[in-house]
Amino acid sequence: MPECVECGAELPRSAECWTRVHELLEVENRVLAGIDGETAKRAHYFAIASYQLQHPSRLTRAAAEGLRSGVREMLGPGAPSIDAFRRAVGRRVSGTKVGRVAEAGDRHHVHSNWPRRWTVTAVDVLAQPDDAYPQAATEWASACLRDLDAALTDPSTASS
Ligand SMILES: [Zn+2]
């Protein structure tokens, strides 16, 4: 089975990994209206952020780093409400470029160790039953962060 050059997951029939985002949004359409708003918004944020972190060719370097710290903040013990978080991010990134047009898999702009293999991908999340989606999206984000931290920790700069 052909695999995505960025996340390593099996490609869908469309041969475009981006189709997975539409599949995730379809699950969200079924699931998120029936649960409390904060949980729903967090699940959406974690899913989209995780997908984007696993496909950095689509993001500027600043956007990729910003997402990484945003996910860390939202998974942390003192995480703000998602609305407060979005307002704060909106102020920080106002006027900066987020998206990037490049070949799939182009990684010239991010750390050379940015992973291409991940513990959890969209395919794993989509394999879960609908009612597990909020939890699966959260676990996806936290696995993403662990994979990134493990790959990007440079011993020579760890103390700085
Ligand atoms: Zn992919």
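In the range 26-51, the residue that is nearest to the ligand (Cβ to nearest atom) out of those that are without any contact (Cβ under 8 Å) to a residue 40 or more places away in the chain and open to solvent by 60 Å² or more (accessible area, probe 1.4 Å) is Glu26.
Return the residue satisfying two criteria in turn: it lies in the range 1-11 and is open to solvent by 20 Å² or more (accessible area, probe 1.4 Å) and in a loop (DSSP other than H, G, I, E, B), and of such residues it is farthest from the ligand (Cβ to nearest atom). Going through the qualifying residues, I end up with Met1.
So, Val101, is that one of a type in the set (A, V, I, L, M) and under 22 Å from Met74 (Cα atoms) or not? No, not satisfied. Remark: Thr121 falls outside the filter, which requires a residue to be farther than 21 Å from Thr19 by Cβ, at pLDDT 95 or above and open to solvent by less than 70 Å² (accessible area, probe 1.4 Å). The condition of being out of contact with any Pro (no Cβ under 8 Å at 6 or more places or on another chain), more than 26 Å from Asp36 (Cα to Cα) and more than 16 Å from the ligand (Cβ to nearest atom) holds for only one of Arg68, Arg92, Arg86, that being Arg92. Between Ala47, Ala9, Ala40, Ala88, the distinction of being touching a Phe, Trp or Tyr at 6+ places or on another chain (Cβ under 7 Å) and small (Gly, Ala, Ser) belongs to Ala47 only.
In the range 85-102, the residues that are open to solvent by 80 Å² or more (accessible area, probe 1.4 Å) reach residues that are in a loop (DSSP other than H, G, I, E, B) with C-beta atoms within less than 6 angstrom, at least six apart or across chains, in these pairs: Lys97/Thr60.
Taking (1) over 20 Å from His108 (Cα atoms); (2) open to solvent by 30 Å² or more (accessible area, probe 1.4 Å) in turn, Arg58 satisfies each apart from (1). Among the conditions (1) more than 10 Å from the ligand (Cβ to nearest atom); (2) in a loop (DSSP other than H, G, I, E, B); (3) in contact (Cβ under 8 Å) with a residue 60 or more places away in the chain; (4) of a type in the set (A, V, I, L, M, F, W, C), the only one that Cys17 does not satisfy is (1).
The values are calculated or read from the model by the stated rules, or taken from the named source; none is laboratory data. What you see is a predicted model; the values in this text were computed from it and never measured. Quick reminder, even Gly has a Cβ in these numbers, built from the backbone with ideal geometry, and neighbours come from all protein chains shown. In case anyone asks, the SASA skips ligands and DNA or RNA and just uses the protein heavy atoms, side chains included. Shrake-Rupley method; radii C 1.70, N 1.55, O 1.52, S 1.80 Å.
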